[in-house]
Amino acid sequence: MIKFSAPGKVYLFGEHAVVYGEPALACAIDERVFVTVEERSDNVIKVFSNDLFFKDVTVELINDETRLIPGERTLKPLEYVFESIKEIKSIEKDIPGFEMNIESQLPYGGGLGSSAAVTVASIKSLSELLGLELTKDEIAETAYRVEKKVQKRASPCDTFTSTMGGLTWVETGEELEKKGSLEIPVVIGFTGQPGPTGVLVEQVSRLKESFPEIIEPVITSIGKITKQGLQSVNKNDYDAVGRLMNVNHGLLDSLGVGTQKLNEIVYIAREAGASGAKITGAGGGGCILAIGNNSQKIKSSIKSNGYEAFETKITRTGVREE
Ligand code: PMV
């Protein structure tokens, strides 16, 4: 039996501005997707998951024909798994049947990179099952191809961060770069609704077209926050990181990607003592990220107001054997 896990991610700084050439800083979080694979003696491929991902569903894949048991539902997360299997088949044609079990600690659709994590962990486990010695770069590239196929539009940031772990410096036109890590507890608060990334990116673009002289400086400021933020991270100055997160949140809200729920959770976290709290990812739903010494209190305040919340930490470790 082979088991690998891959982490989810948050944006510490720079989302949306990164679309216009400013840098962003993403971090792997220690909430993971676990994939177990075991060879079968026939050529049947079975995929199971009993958690939020695709509850109680078994998928059989015989000669690329899929059969979902029970029912005829199409389940988006499964497309990432199927495309990963296809990518592996394009490297190694003769693959044996296997059983794959997927467990996820990440809420699906929360903008925390759950689809990248399931893709990275699936590719890594299958490549180990078949003895393919894929490097981390090859895993990240293959996983990015899968995300592009399934979503049409994807950023390589999620799959890179999930594969490599730690902090990822993202800049358009540049190679993604791994930049150390910061080992602090963080709290994630979830609105319970997915954020429609494409719609929000489009919305910001329209705002920028209508008021270029106002919106362009906002985007440039977010870029400056990200650069300053990386320096503060490198100095382990979490107080400065928190204050910069708060400014970044205000600017994201000014771009129109905040919602009542996101702002409510941000203010609950700050009231509970967070030194920084901001939207993470596209906004319009999805999650907020908070840092502070009293993460337990921040988490319970968010939960007692009826939102999902969990404590986690930023992790140096990307895809790993379990
Ligand atoms: O929705 P998420 O968490 O994948 O974040 C999207 C980040 C944006 O900067 C808004 C879009 C992008 O492609 O970089």
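The values are calculated or read from the model by the stated rules, or taken from the named source; none is laboratory data. Worth saying up front: this structure is predicted, and the values here are computed from it rather than measured. Don't worry about glycine lacking a Cβ; one is built from the backbone with ideal geometry, like all the others, and counts go over all protein chains shown. Remember, those area values only see protein heavy atoms, side chains included, never the ligands or the DNA or RNA. Shrake-Rupley method; radii C 1.70, N 1.55, O 1.52, S 1.80 Å.
Could you say which residue among Ala274, Ala290, Ala240 is small (Gly, Ala, Ser), at pLDDT 95 or above and part of a strand (DSSP E or B)?
Details: Ala274 fails: part of a strand (DSSP E or B); Ala240 fails: part of a strand (DSSP E or B).
Exactly one residue qualifies, and that residue is Ala290.
How many of the residues in the stretch 263-296 are out of contact with any strand residue (DSSP E or B) (no Cβ under 7 Å at 6 or more places or on another chain) and crowded, with 16+ Cβ neighbours inside 10 Å?
So the answer is 9.
If the Cβ limit is 6 Å and pairs must be 6+ apart or interchain, which residue in the stretch 1-24 that is more than 20 Å from Val204 (Cβ to Cβ) pairs with which residue that is open to solvent by 10 Å² or more (accessible area, probe 1.4 Å) and near the ligand (Cβ under 8 Å from one of its atoms)?
Lys9/Asp158
Those residues that are more than 13 Å from Leu132 (Cβ to Cβ) and modelled with pLDDT of 90 or more, I need them from the stretch 86-103; list them, please.
Phe98, Glu99, Met100, Asn101, Ile102, Glu103, listed by residue number.
For residues that are in a loop (DSSP other than H, G, I, E, B) and farther than 21 Å from Leu106 by Cα, scanning just the stretch 168-192, find the one that is nearest to the chain's Cα centre (by Cα).
Our first condition is that a residue be in a loop (DSSP other than H, G, I, E, B); within the stretch 168-192, this holds for 171-176, 179-184, 191-192.
From what is left, the residues that are farther than 21 Å from Leu106 by Cα are 171-176, 179-180.
Details: Glu171: 17, Thr172: 18, Gly173: 21, Glu174: 20, Glu175: 19, Leu176: 15, Lys179: 17, Gly180: 18 Å.
Residue satisfying both the conditions and the ranking: Leu176.
Let's see how each residue does on (1) farther than 22 Å from Ile29 by Cα; (2) not hydrophobic (A, V, I, L, M, F, W, C):
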| residue | (1), (2) |
| --- | --- |
| Lys224 | yes, yes |
| Gly229 | no, yes |
| Leu255 | yes, no |
| Ala269 | no, no |
| Ser275 | no, yes |
| Glu308 | no, yes |
| Arg316 | no, yes |
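Which of the residues spanning the stretch 306-322 are open to solvent by less than 80 Å² (accessible area, probe 1.4 Å) and in a loop (DSSP other than H, G, I, E, B)?
Gly306, Tyr307, Thr315, Thr317, Gly318, Val319
Within the stretch 141-155, count every residue that is part of a helix (DSSP H, G or I), within 16 Å of the ligand (Cβ to nearest atom) and not basic (Lys, Arg).
6
Output the qualifying pairs, or none if there are none: Cβ atoms under 7 angstrom, residues six or more apart or on different chains, first residue in the stretch 154-179 and of a type in the set (Val, Ile, Thr), second residue within 12 Å of the ligand (Cβ to nearest atom) and assigned to a helix (DSSP H, G or I).
Taking only residues 6 or more apart or on different chains, the pairs are Thr159/Ala116; Thr159/Glu147; Thr168/Cys157; Thr168/Thr161; Val170/Val18; Val170/Cys157; Thr172/Val18.
Which condition number does Gly195 fail, the rest of (1) assigned to a loop (DSSP other than H, G, I, E, B); (2) more than 24 Å from Tyr108 (Cβ to Cβ); (3) within 16 Å of the ligand (Cβ to nearest atom) being met?
(2)
Among all residue pairs at least 6 apart or on different chains, which show Cβ distances below 6 Å where the first residue, located in the stretch 262-287, is at negative phi and in the same structural domain as Gly192 (by TED's automatic domain parsing) and the second is among the polar types (S, T, N, Q) and assigned to a strand (DSSP E or B)?
Close Cβ pairs satisfying both conditions: Cys287/Thr280.
Within the stretch 10-49, take every residue that is charged (D, E, K, R) and open to solvent by less than 10 Å² (accessible area, probe 1.4 Å) and give me the one that is nearest to the ligand (Cβ to nearest atom).
Residue satisfying both the conditions and the ranking: Glu15.
Keeping to the stretch 219-260, report how many residues are in contact (Cβ under 8 Å) with a residue 60 or more places away in the chain and open to solvent by less than 70 Å² (accessible area, probe 1.4 Å).
Residues that pass the stated criteria total 17.
Of the residues Ser122, Ser162, only one is surrounded by 24 or more Cβ atoms within 10 Å (Cβ to Cβ) and either in contact with a Gly (Cβ under 8 Å, 6 or more places away or on another chain) or part of a loop (DSSP other than H, G, I, E, B) (or both); which?
Exactly one residue qualifies, and that residue is Ser162.
Please find, within the stretch 131-140, the residue that is farthest from the ligand (Cβ to nearest atom) out of those that are buried (at least 18 other Cβ atoms within 10 Å of the Cβ) and not in a loop (DSSP other than H, G, I, E, B).
Quick first cut of the stretch 131-140, residues buried (at least 18 other Cβ atoms within 10 Å of the Cβ) only: 134, 139-140.
Filter again for not in a loop (DSSP other than H, G, I, E, B), leaving 139-140.
On the way: Ile139: 19, Ala140: 16 Å.
The extreme case among them is Ile139.
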